[in-house]
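Notes follow once the structure below has been shown.
The values are calculated or read from the model by the stated rules, or taken from the named source; none is laboratory data. Because the structure is predicted, anything quoted here is derived from the model rather than measured. Positions of Cβ are generated from backbone atoms using ideal geometry, with glycine treated the same way; all protein chains shown enter the neighbour counts. Only protein heavy atoms, including side chains, enter the accessible area calculation; ligands, DNA and RNA are left aside. Shrake-Rupley method; radii C 1.70, N 1.55, O 1.52, S 1.80 Å.
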Amino acid sequence: MQQDIAETLLAIIKKRRSVRQFKAEKIPFETIKTLADAARWAPSAGHRQPLEIIVVTDEKVKEQLSKAALSQSHVKNAPVVFVMCGDVARTKERYGERGRNLYVIQDVAAATQNLVLQATAFGLGSVWVGAFNEQRVREILELPSQVRPLAIIPIGIPDEKPVPPEKRPLAQVIHLNKYGQQIN
Ligand SMILES: Cc1cc2nc3c(=O)[nH]c(=O)nc-3n(C[C@H](O)[C@H](O)[C@H](O)COP(=O)(O)O)c2cc1C
């Protein structure tokens, strides 16, 4: 086992926090592209790769997105906002309703987790925003009908250091072989 890599990865996973206050400093496009690249390497059902990423740096568009996201200020205050979308048609074509209702959502969620972990590795802060008016976001970004916005991720240099939230204990979360059986 590559113990050092395993430890580094776990440290990054645990270091990631939802950051909602950002410094005004811009993020270089090279970094933005690397973040999108990390997202692109996530697995997807049948390798259909339904991921579409809208990178938003325009102040007016960020303002509009913030309004569509229940006026969450972190959406407009971050220097860059990634809107993680899924091309539902790509997955539905192969997998029908399960592709539409489940796989495309999982595909984009996996890509989004890659994105926020890569951001953490760069020392950047991010927050996963799921509360938004989907129709409004579609209109603002001029998305074609088959492309569904699934997560909004503001990213920037952190201007706060959030305290890690309590997690349910591991023993409560894992079940051995059958639900309710613990690993001692
Ligand atoms: C699917 C999903 C939707 C979320 N939606 C929002 C949101 O709309 N606004 C927000 O500020 N945080 C949102 N969060 C962030 C959670 O509040 C946060 O992950 C949780 O409180 C745990 O904190 P941590 O991310 O620092 O571990 C969302 C997270 C997920 C995974």
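So for the chain, taking the charge dipole from beta-carbon charges (+1 Lys/Arg, -1 Asp/Glu), which of G46, L35, G156 sits furthest toward the positive end?
Comparing the listed Cα positions along the dipole, G46 ranks first.
Quick one: pull the percent of accessible area on the chain belonging to carbon and sulfur, 1.4 Å probe, ligands and nucleic acids left out. All intermediate terms of the calculation are to be shown ahead of the outcome.
Working: 5920 of 11360 Å².
The C+S portion of the solvent-accessible surface of the chain is 52 percent.
Mind running the shape call on region 5-119? Use the C-alpha gyration tensor, a ≥ b ≥ c as the square roots of the eigenvalues: rounded below 1.5 for a/c, prolate if a/b tops b/c, oblate otherwise. Walk me through the intermediate numbers first.
Values: a/c = 2.06, a/b = 1.29, b/c = 1.59.
Because a/c hits 1.5 or more and a/b fails to exceed b/c, region 5-119 counts as oblate.
Identify which of A11, A69, A151 has the largest mean-square fluctuation in a Gaussian network model of the chain, with springs joining Cα atoms closer than 10 Å.
A11
At 1.4 Å probe radius, can you tell me the per residue accessible area of the chain in Å²? Intermediate values should be presented prior to the final figure.
Details: 11360 Å² over 184 residues.
Ligands and nucleic acids excluded, the figure is 62 Å² per residue.
To make sure I understand the rule: partners must be lysines, Cα under 21 Å from the Cα of K14, and not fewer than 8 residues away in the same chain. Which ones qualify?
Reachable lysines: K161, K167.
Straight-line reach from K26: which aspartates and glutamates have Cα under 15 Å away, leaving out those fewer than 8 places along the same chain?
Partners found: D58, E59, D159.
Just to be sure I understand: with springs between alpha-carbon atoms less than 10 Å apart, which residue in V80, V173, V104 has the highest mean-square fluctuation in the Gaussian network model of the chain?
The residue with the greatest mean-square fluctuation here is V173.
For the chain, set up a GNM with springs between Cα atoms under 10 Å and report which of L115, L150, L170 has the largest fluctuation.
Fluctuation is largest for L170.
Taking the Cα centre as origin and putting +1 on Lys and Arg beta-carbons and -1 on Asp and Glu beta-carbons, what dipole magnitude results for the chain, to the nearest 20 debye?
Working: 26 positive and 19 negative charges, 92 e Å.
Value, rounded to 20: 440 debye.
Using r as the Cβ-Cβ distance of V173 and L102, and R0 as 22 Å, what FRET efficiency do you calculate, to the nearest 0.05? Each step should come with its number before you reach the end.
Working: r = 21 Å, r/R0 = 0.98.
Efficiency, from the Cβ-Cβ distance: 0.55.
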